[in-house]
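Please read the structure below before turning to the comments.
The values are calculated or read from the model by the stated rules, or taken from the named source; none is laboratory data. All figures in this text were calculated on a predicted structure; none of them were measured in a lab. Note: ideal-geometry Cβ built from the backbone for every residue, glycine included; neighbour counts use all protein chains shown. In case anyone asks, the SASA skips ligands and DNA or RNA and just uses the protein heavy atoms, side chains included. Shrake-Rupley method; radii C 1.70, N 1.55, O 1.52, S 1.80 Å.
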Amino acid sequence: MEQRHLGRTGLRVSRIGLGTLTWGRSAEGPDESGAAEQLKTFWEAGGTLVDTADVYGGGEAEYLLGQLIDGLVPRRDLVIATKSGSVRAADRRVDGSRGHLLAALDDSLARLGTDHVDLWQVHAFDPATPLEETLQALDLAVSSGRARYAGVAGFSGWQLAKAATWQLATPGVRTRLASAQMEYSLLQRGVEREVLPAALDLGVGLLPSSPLGRGVLTGKYRDGIPADSRGASPTMEGFVEPYLDDTAGGIVDAVATAAQGLAVTPLQVALAWIRDRPGVVAPIVGARTSAQLSEALSVEPLTLPEEICRALDDVSAPVHRYPDHDWSTL
């Protein structure tokens, strides 16, 4: 699999990442043997970037990944990325304080069974904590060797621009942001409004989450909700439902038409489109089974023809008006 630099850093990652959002969830995700099969399949295909978080499965996703490292796949062959900052407290959902973040990182390292992660990401912006305090946690993690590189997730355009600029203000002292993880797909192109321009300008690599539109772009929901899908799961149906409207249906139909013309699957078309967008480094793909993951990994040799890309761009184009376009054209 092709390797790409993550932002303007020396870190190289596979251009498809393996997501573990559902690992450790008995109903929606793979069990230990299924996770092992996925990780081995990913590694054998040349994949290196494995993305997790301290809240995935209440910590079980990290623990499960830690059990598989070295025994199944050499630690040195993986780029392990995790996230900290999301909390399940009654009075708050995000804690970006230096104390919480560093303690959470130590807990993540213990679950992963490693002395460092390759990429540590702040999971969300915390308006109750000074941003410079949050970012100092990233600096301390890197300077102490607990993390090799740092990034953010879920930051809006102005939040990303402020954070990345702050880190660039003192080269050699502060750790530049390598990445920003955001939802991005043919069904969700909101990042193109401000996040993506900021990332491109400041040298931050984009890691799209839900690159298959939460599974909808595979076409599996065109004729209803399969009983074994996330859309049928009581805990995940709310995650899928927003992308089952008529607008999304038209985009899915266009993807299916393109796939038929190219003799490939809708999944391959949707994933190739997002993988090769400007600023994108590695879409993060989550799979329920090893077979689903294998289909995603089979996209490696596929490059969409320019006319197909233009057609998909047009059918999925978000509405961006003032101030995103020159006022004189409105």
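The table below gives the values:
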read-out: Percentage relative contact order, the chain, counting C-alpha pairs under 8 Å, at least six apart; value: 18
read-out: Amide H partners (placed H, <5 Å) of Gly17, local residues excluded; value: Ile284, Val285
read-out: Cα-based shape type of segment 24-111, given that a ≥ b ≥ c are square roots of the gyration tensor eigenvalues and the cut on a/c is 1.5; value: prolate
read-out: Rough spin-label spacing in nm, given labels placed 7 Å along Cα→Cβ, for Asp77 and Asp107; value: 3.2
read-out: For q = 0.18 Å⁻¹, Debye-computed log10 I/I(0) when each Cα of segment 90-212 counts as one equal scatterer; value: -0.96
read-out: Local electrostatic count, Glu2, Cβ distance below 9 Å [Lys/Arg +1, Asp/Glu -1]; value: +1
read-out: Efficiency of FRET between Asp313 and Asp70 - r from beta-carbon atoms, R0 41 angstrom, step 0.05; value: 0.40
read-out: List Lys83, Lys40, Lys162, ordered by accessible area with a 1.4 Å probe, largest first; value: Lys162, Lys40, Lys83
read-out: Mean Cβ count within 10 Å, highest first, over the residues of peptides 56-68, 236-248, 211-223; value: 211-223, 56-68, 236-248
read-out: Surrounding net charge for Thr235, when Lys and Arg each add one and Asp and Glu each subtract one, Cβ distance under 13 Å; value: -1
